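Bear in mind that the values in this text are calculations on the coordinates, not laboratory data. Since we're looking at a predicted model, the values are computed, not measured. Reconstructed Cβ throughout: ideal geometry from the backbone, glycine too, with neighbour counts over all protein chains shown.
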Amino acid sequence: PNIRSTPSVNFSMTFGARSGPSVSFSIGSGVAPAPAPVTPKVCFYRNQNYNGSSFCVAPGTSNNALMAGWNNSISSIRVFGGAKVQLCKNWNFSGRCIAYNTNIARLPNAFNNKVSSYQTWM
């Protein structure tokens with residue numbers, strides 16, 4: 001969301017006070033706004049660096065046989081909100097598998113364009 005706020009600006013100077021001159025300057029309330037919550041999900045990208053066509057799934061989603069358009073076609077992943085993903089080279093979560101809980105801009109050579117199944121969780 002595009003949220004705009006106008007911070008308060010305060011400036012004061014005091015001369016002749018018993019403790020001597022003083023200067024005070026502040027911007028805003030000093031409390032940063034809370035970040036927006038991130039919806040947990042995993043996104044799969046056809047190209048490296050999160051480029052090309054993509055699809056995203058919620059944690060708890062699995063696919064034991066990627067459809068023809070995506071089988072052996074994933075090159076990067078983005079992981080949001082604490083989600084986790086396991087990528088497997090063969091159908092039915094078999095063959096060599098690797099798990100991630102962070103973004104991967106370029107899958108390792110052993111998995112780049114070689115993923116045939118995946119499962120996600122929290």
Pseudo-spin-label distance Thr39 to Asn113, built 7 Å along Cα→Cβ, given in nm, is 3.2 nm
Long-range HN-HN contacts of Thr61 with modeled amide H, under 5 Å: Thr120
Under 12 Å, Cβ to Cβ, from Lys89 - net charge with Lys/Arg +1 and Asp/Glu -1: +2
Sum up the charges of everything whose Cβ sits under 12 Å from the Cβ of Pro108, counting Lys and Arg as +1 and Asp and Glu as -1, but leave Pro108 out. +4
Please state the charge dipole magnitude for the range 41-121, taken about the Cα centre, from unit charges on C-beta atoms (+1 on K and R, -1 on D and E), reported in debye and rounded to the nearest 20. 100 debye
Find out how many positive minus negative residues lie around Val38, taking Lys and Arg as positive, Asp and Glu as negative, among other residues whose Cβ is under 15 Å from that of Val38. +3
HN-Hα J couplings of the range 51-62 from phi, Karplus 6.51/-1.76/1.60, θ = phi - 60°, integer Hz, Gly and Pro as x? 10, x, 5, 8, 8, 10, 9, 7, x, x, 8, 9
Would you be so kind as to identify which of Met67, Asn90, Asn47 lies farthest towards the positive end of the dipole of the range 41-121, taking Lys and Arg as +1 and Asp and Glu as -1 on Cβ and the Cα centre as origin? Asn47
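Sorted from fewest to most neighbouring beta carbons within 10 Å, what does the list Val115, Val38 look like? It would help to have the intermediate numbers written out before the result.
Numbers: Val115 25, Val38 10.
Lowest to highest Cβ neighbour count: Val38, Val115.
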